[in-house]
Amino acid sequence: MTACQGTAMSNPASPIAPQADDEARKHDFARIEAKWQRFWVENKTFATHIDHNKPKTYVLDMFPYPSGAGLHVGHPEGYTATDIYCRFLRMRGHNVLHPMGWDAFGLPAEQYAIQTGTHPAVTTQKNIATFRRQIQALGFSYDWDREVDTTDPTYYKWTQWIFLQLFKKGLAYQAEIPVNWCPALGTVLANEEVQDGKSERGGHPVVRMPMRQWMLKITAYAEELLSGVDTLDWPEGIKAMQRNWIGRSEGAEVDFAVEGELGTLRVFTTRPDTLYGATYMVIAPEHALLDRLVTPDRHAQVDAYVEAARRKSERDRQDAGKEKTGVFTGRYAVNPVNSAKIPIWVADYVLGGYGTGAIMAVPAHDERDFAFAKAFDLPIIPVLSPDGEPFAAELTEPFTDDGLALNSGPYSGMTTQEFKRRITAELADRGIGERRVNYKLRDWVFSRQRYWGEPIPIYYPIVSVLDGTPLSESGLSPSQVADMVHTDSWRVMYGTPLPVHESELPLKLPVTDDFQPTGNSEPPLSKCHDWLYFERDGRWFARETNTMPQWAGSCWYYLRYLDPHNDQTLASPEAVKHWLPVDLYVGGAEHAVLHLLYSRFWHKVLFDLGVVPTNEPFQRLVNQGMILGEDGEKMSKSRGNVVNPDDMLREFGADAFRLYEMFMGPLEATKPWATNGLYGTRRFLSRLWALYDKPLAATAPDDKIRRALHKTIAKVGDDTANLRFNTAIAAMMGLLNDCTKLDVLPIEVAENFAVILAPYAPHIAEELWEKLGHEPSIGLVPWPSYDPALCVDDTIEIPVQVNGKLRGRLVVPADTPQDVLQNMALADSNVQKFTEGKRIAKVIVVPGKMVSVVVVG
RNA sequence: GCCGGAGUGGCGGAAUGGUAGACGCGGCGGACUCAAAAUCCGUUGACUUUGCGGUCGUGUGGGUUCAAGUCCCACCUCCGGCACCA
């Protein structure tokens, strides 16, 4: 065992030497951290291989979008947590998979390209390099051999492959969907980019325009996605959000006959028990039957209303608030249960895309119908009350609870539940209704009119407009084909999508320097004629020019990590079988719904295809809380409260930074940044460093410090296993405070302290380990065990309460029996002050805990 | 409005129903220094007492209990998400 070199007190004291010596003995984090980071990379200390002799644990971070701004302090919060956890599990003998990669397709790189002409691939690689450098500077134990990049063709080959499987299963289809088209910008905008019907940037008008889009039929998995939520070890809030997003609701569809031989209008309702109270009907402005329903005298009004509704963006239609608008169509329908004649209105509070796009309105028992009926003076007829008795006065608000029916013919007096069951059955018998389950969840619009995304591996025949014959002229150039398609005699047969053969994947994104919007509604790829048009077997075809959304690459990246270099399959069966599911997934709550839902959807499809062995991808999910600025506000450039990790690392070092990020509070909590706190963790490390300058003692530590050590090992192990990093660090600070008082440092303490610190502050731990004469890496040392007997004190302090108030403390051996405690408590002079002259009604003694005396009088 | 989470010193936070405020930041006092920084030692919930001690104290109001930050009921505030889904 090498003694610490720090025993330099004996140095002959030249006036300068002691100072220089002090300097040399300081914790030089910059040198130490660089040294060990290099060591880990060069020795591939954290490269992971399948090892069936150890329990496997797959710990996943949400991989970042490598933005130009670089890392902010929020990123390393989750990454530090998982790193500590992984290092800890390795020391506990687990086979740990812990990878990192880049979610690198996306809008910012493309916008930057439009502004500067720099190709998105260049920007992306530069940003990735920055992120990688920053992440590595934090000393994380990722297996860098498994790094993935969603923009790498060897990666998106498999994103495309998954799309083809979806297509072949009928889960990918095309539809005309209204999008936000901004003619001035010549581009399609996301809902977030539109405000008050104007583009967020520039304030140009935006119109809703139907456009051909690729859709994924996530609704086919609605039920499975919903029921699967129950099996997940996720925060309740996130699970609730997923359930809410899927939005299952049970009810019935009912046909209403429309007057004038116009057939029937079908509605969806969750309250068929209120059918007798339907006093009017409403259909959505986009309803297919609307045109036929409107009576001639009403056409002008209805058309104007529909036109106005169409112009509003989805968001505006919602932002308009609860102010109800609508127009009578002039037409009536017949209530199937009581033959009442009720008017049909058109109103935009009914959504075209949900249920049947039409409702029966029961104003007495529905908030929205009530507001509408009040606004347009329509009748409100109660058909339900808490006790089945009519309401004494006119309703001032709708009664929406369950209760007993009234005014409902043979059903009067029936409970809501019973009524629903019976009427649904009866409607079904009469052939005018059926039980029905609806979901709020919509199919996923999967195409983007952008350049920087995965090409969708689909192509289409080019045919003659006149007679549909395929374009099979040989000797044409792609540009000539483009010209022909742009005339009106040839067209791309979008109705006949053909999948690119799997052997031709990846379908690479063409290299171009023209990412400018086309100015029409065509995506930028439509300008890459050489890529777009190709001849095969004498016929000409056009490729799909839409690209995939950013979600695509992040939907399945956790699978590619398992076997990132496999060019035969997205990951080998052996790898997926060994590693899945992800045991712990850590990331921000901003992905609570979309990313996690889309990922679960793809995973379930892959499960059905037999590609993965589990039906859920992420068994346990933890959301790290947001880190706010020092002012308690969300960090943002405009507020000027952004903290740059590079600055922090330079001044405090990675170990102090990691400790601080974890010491701030519970991982899940939102908490404000305080750079001052970093002085605390840096001071902790300097004092720790100085501790190892004390003379080392091979003798056993004294009882007190020994107990402190064992308690700390127990506490840090337990807390780390449960992701309670803040209290684990506090415990280590406590141990250091105890050790500081020592004159010599027992080796048992020196070694174990370094080992339990290693997951948290790995650089200094490695250095101390080496100083103690051991071979690196400390990360490979088994987690120390502790003696439970040493974790309880033999002398304890017992509080004594009189009538619930603390009146004394007894310092006694831990095993002091009950009766002795009681006698001591009652004999305590301060306790006696409060029992004197009173009757002792009861004495409760909890051995090892406390004594509670109850007095009366 | 609905769903989820949280309210504890000057600040971040800690507490299997059993001594509230661990640990850290900041403050105060002291040591070292010509001085300052750094470092080290002590102290630090409020009020009160020379001291021992006492009173109050975990968003508010009730309740259960020998004992409540913790459990129950009602409410208030803040944060996050959803929001005309019939």
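Just so it is clear, none of the values below were taken in a lab; they were calculated from the coordinates. Just so you know, these numbers come straight off a predicted model, no measurement behind them. Here the Cβ positions follow ideal geometry from the backbone for every residue, glycine too, while neighbour counts run over all protein chains shown.
Which value in Å is the Kirkwood Rh of the stretch A:793-856 over different Cα pairs? Intermediate results must be reported in sequence, preceding the final value.
Numbers: mean 1/r = 0.0873 Å⁻¹.
Taking the inverse mean of 1/r over all distinct Cα pairs, the stretch A:793-856 comes out at 11.5 Å.
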Quick check: the distance between the Cα centres of the stretch A:678-736 and the stretch A:748-818, to the nearest angstrom? 7
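Can you give the FRET efficiency to the nearest 0.05 for A:Glu259 and A:Ala304, using r as the Cβ-Cβ distance and R₀ = 22 Å?
Numbers: r = 24 Å, r/R0 = 1.07.
E between A:Glu259 and A:Ala304, to the nearest 0.05, is 0.40.
Applying a 10 Å radius around every beta-carbon, put A:401-407, A:511-517 in order of their mean neighbour count, most first. Before the final figure, lay out the partial values.
Values: A:401-407: 17.4, A:511-517: 14.1.
The peptides rank, most packed first, as A:401-407, A:511-517.
Can you tally the net charge around A:Asn615? Count Lys and Arg as +1, Asp and Glu as -1, for every other residue whose Cβ sits under 13 Å from the Cβ of A:Asn615. Walk me through the numbers on the way to the answer.
Numbers: positive: A:Arg600, A:Lys604; negative: A:Glu223, A:Glu224, A:Asp230, A:Asp608, A:Glu616.
Residues close to A:Asn615 contribute a combined charge of -3.
Between Rg and the Kirkwood Rh of chain A, both from Cα atoms, what is the Rg to Rh ratio?
Ratio of gyration radius to Kirkwood radius for chain A: 1.07.
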Before rounding to the nearest 500, sum -39500 (n - 2.57) across all DSSP H runs of length at least 4 in chain A and divide by the residue total; then give [θ] at 222 nm in deg cm²/dmol. -10500 deg cm²/dmol
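Size of the dipole of the stretch A:248-439 about the Cα centre, Lys and Arg at +1 and Asp and Glu at -1 on the beta carbon, nothing else charged, in debye to 20? Mind showing how you got there, number by number?
Working: 22 positive and 30 negative charges, 86 e Å.
So the dipole magnitude of the stretch A:248-439 works out to roughly 420 debye.
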Explain nothing, just the number: dipole magnitude of chain A about its Cα centre with +1 on each Lys and Arg Cβ and -1 on each Asp and Glu Cβ, in debye rounded to the nearest 20. 1100
Ordering of A:817-826, A:69-78 by burial proxy (mean other Cβ atoms within 10 Å per residue, highest first): A:69-78, A:817-826
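List the relative contact order of the stretch A:662-808 as a percent without decimals, with contacts defined as Cα pairs under 8 Å and 6+ residues apart. Don't skip to the end; give the middle numbers.
Working: 144 pairs, mean separation 39.0, N = 147.
Value for the stretch A:662-808: 27 percent.
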Round to a whole angstrom and tell me the spacing of the C-alpha centers of the stretch A:400-466 and the stretch A:263-305. 17
When each of A:Lys44/A:Lys715; A:Lys56/A:Lys217; A:Lys324/A:Lys420; A:Lys26/A:Lys741 is checked by Cα-Cα distance, pairs over 23 Å: A:Lys44/A:Lys715; A:Lys56/A:Lys217; A:Lys324/A:Lys420
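Show me the ranking of peptides A:609-617, A:114-122 by mean Cβ neighbours inside 10 Å, starting with the highest. Provide the component values of the computation, followed by the final result.
On the way: A:609-617: 17.1, A:114-122: 14.6.
In decreasing order of mean packing, A:609-617, A:114-122 become A:609-617, A:114-122.
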Give the order of A:Arg90, A:Arg435 when sorted by the count of other beta carbons within 10 angstrom, beginning with the fewest. A:Arg435, A:Arg90
Along each of the three principal axes of the Cα atoms of the stretch A:474-517, give the extent in whole Å, ordering the values from largest to smallest. 32, 30, 25
A chain fully extended from A:Val465 to A:Asn830 at 0.36 nm per residue, minus the present Cα-Cα distance, gains in nm 121.1 nm
Based on the Cβ-Cβ distance from A:Lys440 to A:Val846, what FRET efficiency comes out when R0 is 56 Å, to the nearest 0.05? 0.60
Amide N proximity, the stretch A:149-175 versus A:Tyr494 label position 7 Å along Cα-to-Cβ, cut-off under 15 Å: A:173-175
Give me the distance in nm between label points sitting 7 Å out from Cα along the Cα-to-Cβ direction at A:Arg839 and A:Thr727, one decimal. 4.3
Cα centroid separation, the stretch A:475-524 to the stretch A:639-669 (Å): 48
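Can you check what the net charge comes to around A:Pro478, using other residues whose Cβ is under 11 Å from the Cβ of A:Pro478 (Lys, Arg +1; Asp, Glu -1)? Please report the intermediate quantities before stating the final value.
Details: positive: A:Arg543; negative: A:Asp483, A:Asp530, A:Glu535.
Neighbour charge sum, excluding A:Pro478 itself: -2.
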For A:Ile135, A:Ile344, what's the fewest-to-most ordering of other Cβ within 10 Å of each Cβ? A:Ile135, A:Ile344
If you project the alpha carbons of the stretch A:455-546 onto the principal axes, what extent comes out on each, in Å, largest first? 35, 34, 26
So the angle from the long Cα axis of helix A:747-757 to the longest Cα principal axis of chain A, reported in degrees to the nearest 10, equals 10
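Given chain A, what percent of its DSSP beta bridges are antiparallel, to the nearest 5?
Numbers: 76 of 99 bridges.
Rounded to the nearest five, the antiparallel share is 75 percent.
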Formal net charge of residues neighbouring A:Pro813 (Cβ-Cβ distance under 11 Å; K, R +1; D, E -1): -3
HN-Hα J in Hz across the stretch A:433-444 - Karplus 6.51, -1.76, 1.60, θ = phi - 60°, x for Gly and Pro: x, 6, 5, 8, 10, 10, 10, 6, 3, 10, 5, 9
When A:Glu766, A:Glu397 are arranged by how many other beta-carbons sit within 10 Å of their Cβ, fewest first, they go A:Glu397, A:Glu766
